[in-house]
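Down below is the structure, laid out as structure tokens.
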Amino acid sequence: MTFPFDQRALEHRLLALQNALLRSGGVMRSALSPEEQAVRDFGQELFDALMVGDVRSRFDVSRQEALRAGKGLRIKLCIQSPRLAALPWEFLYDSRQAEYLALSRDTPIVRYLELPHTVQPLAVQLPLRILAMIAAPADLRPLDVASEKTRLERALAPLVQQGQMELQWLQGQTWRELQQAMRTGPWHIFHFIGHGSFSAAIGEGIIWLTDDRGSQWPLAATQLARLLADHHTLRLVLLNTCESARGSEEDVFSSTASILVRRGIPAVLAMQYAITDAAAIEFSRTFYDTLADGLPVDAAVSEARKAVSFGVTNSLEWGTPVLCTYARDGVLFQVAPSAAPPPVVKERKEPVPEAPPPSVPKPQDLPEASVPIVPIFDCELIPVEASGIQGAIFDLRVHNRGQRDLVLTLSAQDPTGTASFVFTPDRLVIPAAASGSARLTIRATHRLARASTLEHRFQVVVQPASAPQATHRLDGLWQQYEPAAAPMARGRASTARIDTAFEQVVAMCKDAHRLTVRTTTFVVIGAVIAAVAAVFIFAPYSLEDVIAVLLTAGFSALWVLGMPAAIILSIWSWVRRRRVLREAIYDANLDAHELVDLLARLDKHVAVNKQHAGDVRLFGKELRKRL
């Protein structure tokens, strides 16, 4: 396989894909939007890179044989490279069939993990029992718990009424309640709703539960697997959290989903991007309905993807879920027919256990540094000069809402490589309940075409030294433009510095004009003197001879005196212009708005003062070249 993208091109494609997911949905259209076309092109390039030579031939033959036998062809992606595993392979697009592979039950896409042990389908009698848990720490982005519960209950309501599913909510948000629930059961499916992230400090994914005070408590994927793996009837875990399918670039077994599968959970359904409420409801309803019919889990995922593509107009969110499994045939349950009519299952209410003492012991399986006290702080990126020819300036303000001193490392990332970023300072120490700020200076690393404007996106990373998992990422935007496309607004430019530079430029142009006039006068006087002298010398001759000598002498004097004078004058003007450029412009450190305003004032000066307009135009042209 030859990968079709370099690092920069890949980052651009992934960013375009995420933007397409965010903007998808809405009214029906007769043609593809640019975002949808970008996703289709990306999926086709992935397909063409994966299916090459003999691989494509065998794929085509296998698919035809499966269709003749009335079966489907399961596409198992056994990816060993962590960088390749991070790509959204669910968007593979076969241009010959004009269809995404994952949207057909005949070609489901599975992230398959090769493990030494196997899993056998669990013989169950309906209903399938689902244990659902919501964790909403008070010091993280708030979740609407009631709305989240209602959303899942609406998705499962028809299945619950038919006796195919039973939904039980966990009355608690800590690891203690989850451990207690795993001792009861039996549970067939665990459905988690909450916050998730990837921690570079411990090299694996985490989910955020709460402690006994309602604050955030990071539970590593290894610890979550330890809680779930001993419940032997559990066949499926569905993680409705951010980054639950994200791993590191060093270990393919680092995401929350892959760690759970490696510990023995037969199948894990995780999300690689955010998903809207409408898409989540449609996906859950169809997924659980198909699973209750006894179909393989990958077929259920394909059916659910198809339902999202139909039920949510123009949505691309069907590619957000990622299925990781080690079940060879994808069958998790062998559903036996019910002996009695399906009962109407009501939600059972477990008594809320008494709150333990405020001091909660830390998990013993991670070192002390792996379960830090997560700092609480807010960040704000404020534009000072959000646009410019050579760069831009932003202020970063941080407010420490915690009770401990906060040490932050600041950096910025630009996927396009069009600018350099410098924080002053690049490390902040903020006392408890206090604020701090730093200035971000952006310098462009390349010029644009004339009379053009370009928007550059960048990301600011604010990382606490004690808890990297609490890193904040802020998106920013700055505009780069050329003078012809620049607005003539000063913004924060210094009027005094512009006036000083303008006066120096005008004075230089006046000096150049005066020198030009004096030199021209000197040349003309010299030519007249040469012509008069020639008349006196050749006076005895005829009038025609005198006129010829007069003209010859005059033009010869103009040539002999004018050419050296013109050369000397041009050299002097060139040297003087560069000296003024250095002293009035560069040494004064005029910013982009000041330079643009200076050029505007020079253009107005030319329109009013015609005497030295040519010198001012030459200076403006030289300045534009330097910019």
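Lys149 exposes around 60 Å² of accessible area when a 1.4 Å probe is run over every protein chain in place. Packing here is the average count of other Cβ atoms within 10 Å per residue, and on that basis the peptides 497-503, 212-218, highest first, run 212-218, 497-503.
Packing here is the average count of other Cβ atoms within 10 Å per residue, and on that basis the peptides 51-57, 408-414, highest first, run 408-414, 51-57. Between the amide H of Asn314 and any residue lying 5 or more places away or on another chain, no distance stays under 5 Å, with hydrogens modeled in the peptide plane. Once backbone amide H atoms are built at 1.01 Å from N, Ala386 has Ile393 as its partners under 5 Å, excluding neighbours fewer than 5 places away on the same chain. Under 5 Å from the amide H of Ile79 lie the amide H atoms of Tyr112, each residue being 5 or more positions distant or on a separate chain, with H modelled from the backbone and absent for Pro and chain starts. To put it simply, the accessible area of the stretch 85-174 at a 1.4 Å probe is 49 percent carbon and sulfur. Accessible surface area normalised per residue over the stretch 166-285 is 33 Å², counting heavy atoms of protein chains with a 1.4 Å rolling probe.
The values are calculated or read from the model by the stated rules, or taken from the named source; none is laboratory data. On a predicted model such as this, the values are computed, not experimentally measured, just so you know. Note that we place each Cβ from the backbone using ideal geometry, even for glycine, and neighbour counts take in every protein chain shown. Only protein heavy atoms, including side chains, enter the accessible area calculation; ligands, DNA and RNA are left aside. Shrake-Rupley method; radii C 1.70, N 1.55, O 1.52, S 1.80 Å.
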